[in-house]
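Read through the structure below, which is laid out as structure tokens, and then see the notes.
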Amino acid sequence: MSKERTTRRPPHGHGPGPGMMPGEKAKDFKGTMRKLLHYLGAYKIALLFVAVFAIGSTVFNIVGPKVMSTATTELFNGLVAKIAGTGGINFDTIGIILLATLGLYLLSALCSFVQSWLMSNVSQRTCYRLRQDIAAKINRMPYGYFDSTSTGDTLSRITNDVDTLGQSLNQGVTQIITSATTVVGVLIMMLSINPLMTLITLLIVPVSLVLVNVVVKHSQKYFREQQNTLGEINGLVEETFSGHAVVRAFNQEEATIQRFKETNNRLYESGWKAQFVSGLMPPIMNFVGNLGYVAVAVVGSIFAVQGIITVGDIQAFIQYVKNFTQPITQLAQVANTLQQMAAALERIFALLEEPEEDAQTSSLDIAQVPGDLSFDHVRFGYNPEAPVIHNFSAQVREGQTVALVGPTGAGKTTMVKLLMRFYDVQDGSISLGGHDLREFSRADVRSQFGMVLQDTWLTNATVRDNIRYGRLDATDAEVEEAAKRAFAHHFITTLPGGYDFVINEDASNISQGQRQLLTIARAVLADRRMLILDEATSSVDTRTEQRIQQAMDNLMANRTSFVIAHRLSTIRNANLILVIREGDIVEQGTHDQLLAQQGFYAQLYESQFEE
């Protein structure tokens, strides 16, 4: 049986985890984007309005300098006329122009606000749906996926990768629309002012693109190294704190500090280099932009003297030059952001496209089926070419206590996985009441079993809620009765708050033995007709073990129970002991019968008590 865990933290704490790293590129960018567009189909109306308002905001912002330029021209002409004594400044006209400009910028801000609100809503709804879909997917996936995939990797997909998508989607989509619209709109406005000056401005574009590409290429390398080292240092910190007692017991404080210093130094080196190189982009782009301003100012002055363009047009053109180079830089940055988003999406969609357990239904009422179990020539291997169970056959009558014993790796836990249909047999069959287990749905089969495992799993909740996890509709009285039958009631009443005492995230505020008692109480409350006990008393003292064993005897009465045991003293009263060795039953019988045979079981038993 896969071991339950006392902690639910990802391997690297709250750091980036083993997910997508900055600078990482998607393997199939186009295919992933098509899947995203299909996923966003539910929000196509909202996205249409996002595009409309984003374009509107950009257009109003672009038109503003052109309108403002008429005020500059009017002011300049009025001032010249006043000096020449032929007229004066028309402040009424200038006031109207300034009000019109203010109106354009207000409309631009309003459109920007609306599109930002809509896009934030779409991106967060998309993340919400993805998290819901992943959570539902996990419950439909075969057990084998979790045997072959680390928990940290799965957690990273539902947290880090989805968060990356949300941030990139919110910023990237609107940035693409506004930047592209700005480039096109500004180019049109500059051409309308003067084509030759526009051509001069366009000459700085390839220079900008080359410099942006160089900076991004080098900064990505350092950002990737920084993120990898950050994950390493997070893991080191968590590892050190979770095993702090062991570190101090073996006097490894200095070695741990030295290891941390080395990792921290590498993080420092990659961090400052990443920030320094990426920080070069603004001054470089400003330098290139200033060259453009100088060229435009020189040529514009010549044209103004010749009467080709007005002073206001020069002022507007200079603003457009600034607005032209900025979106080009933004588009280059967005391209990198989209690659990161696609890499995260690939991991998310890869999980969502994993094969699922068959959604089987059954017309049989499993609760009415007799509880006799039959293992008939069962053969199974996680790799079909390397079977773990070779030829397992056994008959278990309803109500019997069956012990599975044998050396580590013999196949005991695998048999329990097959019994609960975490996996299906490859040859032979397992039958319940004469019906192959594959005739029932997996959920129906698992609803018949209660489980108590050696490694406890408790949630960050009250003692009462942890016990009630066995049956969510249980009353408080039923919860307390289950605790009493598991001999947990006494220690619970000594806790601050009793049954309302909150167990922390890794259950470290109660002892290992107390955790075990709570999981036993949970199984008592579940009241299933079959039980699986995997070294259920291994973490408690001898006196508590005796009391728990008594409770287990009461619990197992009239129930079919499968006990995986290494301490053979706990299974003396089992109705049937199956001795498993290398995937096969080599002996079976009661404790006394197997001792009398002086076979493999007798050797195991005597090795534990030979002293």
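The values are calculated or read from the model by the stated rules, or taken from the named source; none is laboratory data. Predicted model only: the values in this text are computed from it and were never measured. Glycine gets a Cβ as well: all are built from the backbone with ideal geometry, and neighbour counts include every protein chain shown. Ligands, DNA and RNA are stripped out before the accessible areas are found, and what is left, the full protein with its side chains, is counted by its heavy atoms. Shrake-Rupley method; radii C 1.70, N 1.55, O 1.52, S 1.80 Å.
For this structure, a couple of remarks:
- Residue satisfying all of: in the range 514-542; of a type outside the set (A, V, I, L, M, F, W, C) and modelled with pLDDT under 70; surrounded by the fewest Cβ atoms within 10 Å (Cβ to Cβ) among these: Thr542
- Criterion: within 30 Å of Lys35 (Cα to Cα) and in contact (Cβ under 8 Å) with a residue 12 or more places away in the chain - qualifying residue of Met281, Met341: Met341
- Index of the failed condition, Ala461 passing every other in (1) surrounded by 17 or more Cβ atoms within 10 Å (Cβ to Cβ); (2) under 29 Å from the mean Cα position of the chain (by Cα); (3) not charged (D, E, K, R): (1)
- Just one of (1) at pLDDT 70 or above; (2) touching a Gly at 6+ places or on another chain (Cβ under 8 Å) fails for Gln550. It is (2).
- Tallying residues that are farther than 23 Å from Thr164 by Cα and touching a residue at least 24 places away in the same chain (Cβ under 8 Å) within the range 25-51 yields 1.
- Test: Val122 is open to solvent by 50 Å² or more (accessible area, probe 1.4 Å), β-branched (Val, Ile, Thr) and either part of a helix (DSSP H, G or I) or closer than 15 Å to Val63 by Cα (or both): no
- Qualifying residue in the range 63-77 (condition: open to solvent by less than 80 Å² (accessible area, probe 1.4 Å), charged (D, E, K, R), in a helix (DSSP H, G or I) and modelled with pLDDT of 75 or more): yes
- Looking only at the range 467-482, and only at residues there that are open to solvent by less than 70 Å² (accessible area, probe 1.4 Å) and among the charged types (D, E, K, R), the one that is nearest to the chain's Cα centre (by Cα): Arg468
- Single unsatisfied condition, Gly231 versus (1) in contact with a helix residue (DSSP H, G or I) (Cβ under 9 Å, 6 or more places away or on another chain); (2) modelled with pLDDT under 85; (3) crowded, with 18+ Cβ neighbours inside 10 Å: (1)
- Gln115 vs. criteria in a helix (DSSP H, G or I) and open to solvent by 40 Å² or more (accessible area, probe 1.4 Å): no
- Candidates Val305, Val321, Val237, filtered to the one that is over 45 Å from the mean Cα position of the chain (by Cα) and hydrophobic (A, V, I, L, M, F, W, C): Val305
- Of all positions in the range 485-506, at least one carries a residue that is surrounded by fewer than 18 Cβ atoms within 10 Å (Cβ to Cβ), touching a residue at least 40 places away in the same chain (Cβ under 8 Å) and in contact with a Ser or Thr (Cβ under 6 Å, 6 or more places away or on another chain).
- Across the range 78-95, the number of residues qualifying as loosely packed, with under 14 Cβ neighbours inside 10 Å and closer than 30 Å to Phe113 by Cα comes to 1.
- Here is the figure for the range 180-199: residues that are closer than 21 Å to Val296 by Cβ and either touching a Pro at 6+ places or on another chain (Cβ under 9 Å) or of a type in the set (A, V, I, L, M) (or both) total 13.
- Considered as a group, the residues in the range 261-313 that are polar (S, T, N, Q) and farther than 30 Å from Asn228 by Cβ include one that is surrounded by the most Cβ atoms within 10 Å (Cβ to Cβ), and that residue is Thr310.
- Filter pass, Ile577 being at pLDDT below 85 and either open to solvent by less than 70 Å² (accessible area, probe 1.4 Å) or of a type in the set (S, T, N, Q) (or both): no
- Residue selected from the range 355-369 under the condition part of a loop (DSSP other than H, G, I, E, B) and open to solvent by 70 Å² or more (accessible area, probe 1.4 Å), by the criterion modelled with the lowest pLDDT: Ala359
- If the condition is being part of a helix (DSSP H, G or I) and acidic (Asp, Glu), then the range 321-354 contributes only Glu346.
- Number of the condition not met by Thr182 [criteria: (1) under 24 Å from Pro283 (Cβ atoms); (2) open to solvent by 30 Å² or more (accessible area, probe 1.4 Å)]: (2)
- Just one of the listed residues (Gln426, Gln395, Gln400) is of a type outside the set (Ser, Thr, Tyr) and over 20 Å from Val579 (Cα atoms), namely Gln426.
- For the range 244-255, the condition of being polar (S, T, N, Q) and not in a helix (DSSP H, G or I) holds for at least one residue.
- Tally, over the range 181-190, of residues that are under 20 Å from Asn290 (Cα atoms) and either free of Cβ contacts under 8 Å to residues at least 12 places away in the same chain or of a type in the set (S, T, N, Q) (or both): 1
- Evaluating Thr164 against the criteria (1) touching a Ser or Thr at 6+ places or on another chain (Cβ under 8 Å); (2) closer than 20 Å to Asn336 by Cα; (3) β-branched (Val, Ile, Thr) leaves one unmet condition, (1).
- First in the range 411-426 and open to solvent by 30 Å² or more (accessible area, probe 1.4 Å), second anywhere and assigned to a helix (DSSP H, G or I), Cβ under 6 Å, 6 or more apart: Phe422/Tyr143; Tyr423/Lys417
- The number of residues in the range 299-351 that are of a type in the set (Lys, Arg) and over 27 Å from Phe287 (Cβ atoms) comes to 1.
- Across the range 370-395, the qualifying residues are those that are over 15 Å from Gly428 (Cβ atoms) and surrounded by 13 or more Cβ atoms within 10 Å (Cβ to Cβ), and the one among them that is nearest to the chain's Cα centre (by Cα) is Tyr382.
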